[in-house]
1. Given Cβ point charges of +1 (Lys, Arg) and -1 (Asp, Glu) and nothing else, what value in debye, to the nearest 20, does the dipole of the protein assembly as shown about its Cα centre take?
2. Express in nm, to one decimal, how much length is gained between A:Arg259 and A:Ala55 on full extension, taking 0.36 nm for each residue of separation and deducting their alpha carbon distance.
3. In square angstrom, rounded to the nearest 10, how much accessible surface does A:His371 have for a 1.4 Å probe?
4. Can you sort B:Asp433, B:Asp138 by solvent-accessible area, 1.4 Å probe, largest first?
5. Calculate the dipole size of segment A:55-118 relative to its Cα centre from +1 charges on Lys and Arg beta carbons and -1 charges on Asp and Glu beta carbons; express the result in debye to the nearest 20.
6. Work out the mean other chain Cβ neighbour count within 10 Å for the residues of B:473-482 and drop it here as an integer.
7. Return the Rg/Rh ratio of the protein assembly as shown with Cα-based radii and a Kirkwood Rh.
8. Probe of 1.4 angstrom, ligands and nucleic acids ignored: what's the accessible area per residue over chain B, in square angstrom?
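The values are calculated or read from the model by the stated rules, or taken from the named source; none is laboratory data. Note that the structure is a prediction, hence the values are computed from the model and not measured. Reconstructed Cβ throughout: ideal geometry from the backbone, glycine too, with neighbour counts over all protein chains shown. Remember, those area values only see protein heavy atoms, side chains included, never the ligands or the DNA or RNA. Shrake-Rupley method; radii C 1.70, N 1.55, O 1.52, S 1.80 Å.
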Amino acid sequence: MTQQDLAAISRVLYAPVTIGLYFTAAFVYLYALTTTVGRARDLRRGRLARRVAAAATIAGLTTHVAHEFARGFAQDRLPLGNMFEVTSMMALVGVAVGVGYLTFARRRSDLNGFVLLAGALVLGFAGFMYAEPGPLMPILDTWWRPFHVSLLVSAMGIFTAAFVFHALYLLRDSGDRANPSDDAPGSDDPPHEPLAPGLGGSLADRVDGRDDTLDVAAGATATADAVDTDGALRVDSDVALKAVSAHHAAVRRQVSVWRLVVGTFAGAASVSWVFIVSADSSAAGWGRFMTINLALVAAALVAWWFTPYLPSGATLEGLAHRTIAFAFILWTVGTIAGAMWAEQSWGRFWGWDPKETGALLTWIAYAGYLHARATRGVRGRPAAWIGIAAFVILMGTYLIANYVIVGLHSYAGL
Amino acid sequence: MFFVDSVMMGWRWLVRMRTALMLLGVLGFMTAVATAVPQAPNVPATVDAWLAGDEGPGVAVATVLATIGAFDVYGSPAFVALLLALYLSLTACLIPRIRAWVRLVRHSRPPLLRHAPSEAPRRIVTDRSPGDVLAAADQVLDRRHWRTRRSDDGHFDGPANGQLDAQSDAQSDGQAVEPATAPMQVAAEKGHWSREGGSLVFHVSFYVLLAAIVFGQLLTFEGQRGVIEGAPGFADTEVSYWTYRPGRWFGPEDHAGWRLDLEQFHVDWIRDPHAPGAGQPTTFRSDVLITPVDGEPFLADVAGNRPLVIDGVKIHQLDWGYAPWIEIEVDGDVVHAGFLTTVVDDEGVFTGAVKAPAADPDVGLEIEIFPYAPDGDDGLPRLTGAPWDEAPLLIFHQWRGDLQLGATQQLITELDTERMDLVGWGFMRPGQDVELENVTVRFVELRRWVGFQVSYRPQIPWLLLASALLVGGLVPALYAYRRRLWVTVRSDGDSRRTLIEVSGRAFQRQEIFEAERDEIVEELASIVGDQPDGSPDPAGAPASEESR
Ligand code: HEM
C-alpha cells in the first residue's frame, strides 16, 4: 500500500465512518435512556438498544484508532503534529476514557450517549482544521514531543468529558427544583425520600440504588410493577405512564430553554470567533462559527430534553470531579514535560510564549475549580460554573494560541 | 493595639479558603491579559507596533494598556504584589494545616463506635471466639496499612483525634467511651494523613519553585553569538557575545573560557515542490570544534533538539543564515572586507547591511541574498524563495553619505539612510564584482553562519525537584481518600457463635470504598471461616478449618 492509499483510507475512516459511528452510538444510547421506565416491551427494546449502542461504540473506537494508525503510517510519524490531528486525538481520548470510565469504573454506561455526542461533535469540528498528512518540522521531531503533546491532548479529551458531566449536573440540578423531595441545590447528598407511593421498601431500595429519584419522583402516582436486573423500571398502567411523562415535562420546565440556548450560543461564540478571524474568507469563517455554535446549541437542547433521565446531581458532580482530578494530573505533568522540551529545543524552559501562558492559565483555572469545590459555600453550582469556565478557557487558549497569535509553538510558523 | 488587631484581621483574611480562591482568580485574570496582550520582554516589536497604532486595537487603547502595565504583566508591581499576597495566603494556610497534620500523624486514633452499627453493615457468622476475630481483623487491616485500634487494648479514653472530620459520626471524639455499651471492635482508618499530606507536599512545592526561580534569575547566564562556517569562532568570555544576559550574581570569572569553532553546518529541505510538506527543513545540525582552556580539542555536534552540554553549560543552535564575504574598494583602497551575517525574512530572502565608515563619505550597502536564483532563458536570474544555495544571487543597494554611527540608535541589520543618498543598485554571483561611481563591491564567496545560544541555568535541578514534589503531592491529594471502618463482634448467646459486623464510611470517593470494604470482608471471612452473609450458604454451615 502506498502512502497515498493510506492517506485516502485515513480520510474515509475519519469521515464518514468514525463520525457516523459515534453519532449512531450516541443516539442509540440516548434512546436507550428513555426506555429505563416503561412497559415490558420498552424495556426489552432498551436492552437491545444498549447492545447495539455498545457495538457501535466499539466499532467507532476501532475505526478511529485505525484512522490514527493509517494517518501515522501515511506520514511516518505520530499523528499529533497539527491542529486537526490534535483535535481528533482529543476526541479519541475523550470518548475512550469517558466511556471506559463510565462503563467499567462507575457502571453508568447509560450516560455514554452524552460523552459520545460530545466526541462526535469535537471530531466533526476537527474537520474545520483539516490538513493533509505531511512530515514534521525537524525541531518538532523528538520523543519529548509525543510525550508532552499526548499528555496534554489526553487531558484535553478528559476535560471534555468532565465538561459534559458538569453541564449535565447543572441541568439536572435545575431540574431537581421540580422535585420537592430534594433540598438545597448543590447539596452533596440529596436525600432519597420515599419514592412513588406504592413502591415497597425493597423496591424503593432498588430504585434508590439506581440513583435516580426523578423518574418516579414524589407526586407521580406511578406504580412500578417490577425492577429489572439492570435497574430499569417496569410500569404497565397508562395512568402511571402519564404521570411519569407529566413529571418529566415538569422537570424540563425548570430549565429556561431560552437561557440555555442563548447561554450556549454565547459560550460557544466566546471560543469559536477564532474561526472567523483565522479563516481564509470571511464567508467560510462565519460558516464555521455558526456551524459550531448551532451544533452546540442543538446538543444542549438534546441534553436538556434528557434531563429527567439523568442520575442525581451528586453522581454527576462526582463524575466531573473525578475526571477533572485525573486530567489535572495529566495536564500538570504534560506542562512540566513541555517546559523540559522547551529547555531542550530552545534553550529556555519557560518563555511566556502564548501557548505556555495558555497552558498555565488553564491549569490555574482548573486549580481554581478544585479549590472552589473544597470551599464551603462555593461547592455545588458555583464550582460547576468554574469548571465550565475552565473548559472555555482551555478551548479558547488552544485555538487562540494556534490561530491568532503566532509564537514559537504554533504549528503555523517556525 | 490597633496595629496588632489589623495584623490579626489580615492574617485571618489570608487564612480563608475564599481568599485563596480569589487570589487564584486574579492570577488567572492577569495570565489571561498576558495571553491576549503582547508582552514586551517577549515580542518587543509587536508591542511597539501596538503603541504606534500599526497593529492592535489602536493607539488610545495601547496607551491605556501601557499605563496599567499590561505589556509587561509579569514585571509589573501589581503582579509582584499579587505573588506576595498569594504566598502570604499560602503560608497562612499551610501553617495551621501542617500543625494539624503533624498532630494527626502522631496522635490520631480511629474513634470507637459507642453502639452497635445501625446502618446495614456486612455480616459474618463464625465459630471463632470474639477475641480471635478481633485479632484476625486487626491483622487483615494492618496488612492493608490501615491504622487500627482495638476496644480490648485497654485504652478507652477518647482519642486525641485530629480536627479533620467535623462530619464524623463516631461519637467518641474527645469523650470517654463507655466500655459497657460499646461493642467489642476494631476501629480502623486510612487515607487520613496521605491525602492531607499529599496536599501539603503539593503546596509546599511552590516555595521550592519560587526559590528556584528567584535564585535562578540571580545565578543564570545566557548569551548569543553567531559563528561562520570555517571561520574563527568565539571564546566563552564576557566580551565575545552579541547579546549578553548575566544574572546579578554571575560574574566574568564564572565563564569557563572554552573556544567554539563551526566546522560545518548541515541544513536541508524537502525540495520537491509537489511533495507533502514541501520547503520544510529536514536537517539542521552543526559540527563544532570545542577547545577547552586546558584540555584536548574535541568535535561535537549540536542539532535542533540536541544541545551540547559542557560542564553544565548548554549550547543550543538557535538560528542560521547565509554569510557572504563582501569587499568594498573605494578608489583602489579596500575600506571593508568581511563576512556579513544575513537573516531570513518572511519571503525567504536573507537580508543584512554593510556599514563602511572607513570610506569618505561613508558607504552603506543593503544586501539581499537569494539562495536559489537560476538563470532564466533570457540569461537573467529568476528569483525564487527557495532557501537552498544552488544558484545564489546577491542584490545590493549602495548608499553614500553619513551612516550616523554612534549618533542614532540602529540595528546592525539595517542602515539609517536619513542622511544618505542612494547611488544605485546591482546584482552579482559569487566571485563577481560590480562598480558603481568608483566604488567596487565584490561578492567573494558565500558561506553560512549559525547563531548559538550559550546558557547556564543552575536552577534546573531545583525546578525538577519542585516539579517532582508538585506531582508527587498532587497524586495522593487527589486520589487518596479518607475512610473509616469498624469490625464489631457480638456473641450470640444461644448458638454460641460470633456475629461479626463490618461497617464503615468514606469521606471521599464513596464509589470505590464500597468495593474495598467488600474485599476486606471477603478476606476476613476467608480467615475466620464463614461466608459473608447474603451468600447462598446456610448460616449454620460448618466453619472451614483454615486458620492463620
Ligand atoms: C499558589 C497557588 C495555589 C495552587 C496552584 C493551589 C492548588 C491546589 C490544588 C490543585 C488543590 C487540590 C488538591 C486537593 O483537592 O486536595 C489544592 C487544595 C487545597 N488548597 Fe491550594 N493552591 C494554591 C494556594 C492555596 C492557598 C493560598 C491556600 C490557602 C488558603 C490553599 C488551600 C488549599 C486547601 C485547604 C486545599 C485542600 C482542599 C481539599 O481538601 O480538597 N491553596 N490547592
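1. Dipole magnitude for the protein assembly as shown comes out near 4940 debye.
2. 69.8 nm
3. About 40 Å², ignoring ligands and nucleic acids.
4. Result, largest first: B:Asp433, B:Asp138.
5. Dipole magnitude for segment A:55-118 comes out near 240 debye.
6. 3
7. Dividing the radius of gyration by the Kirkwood radius yields 1.06.
8. For chain B, the solvent-accessible area averages 50 Å² per residue.
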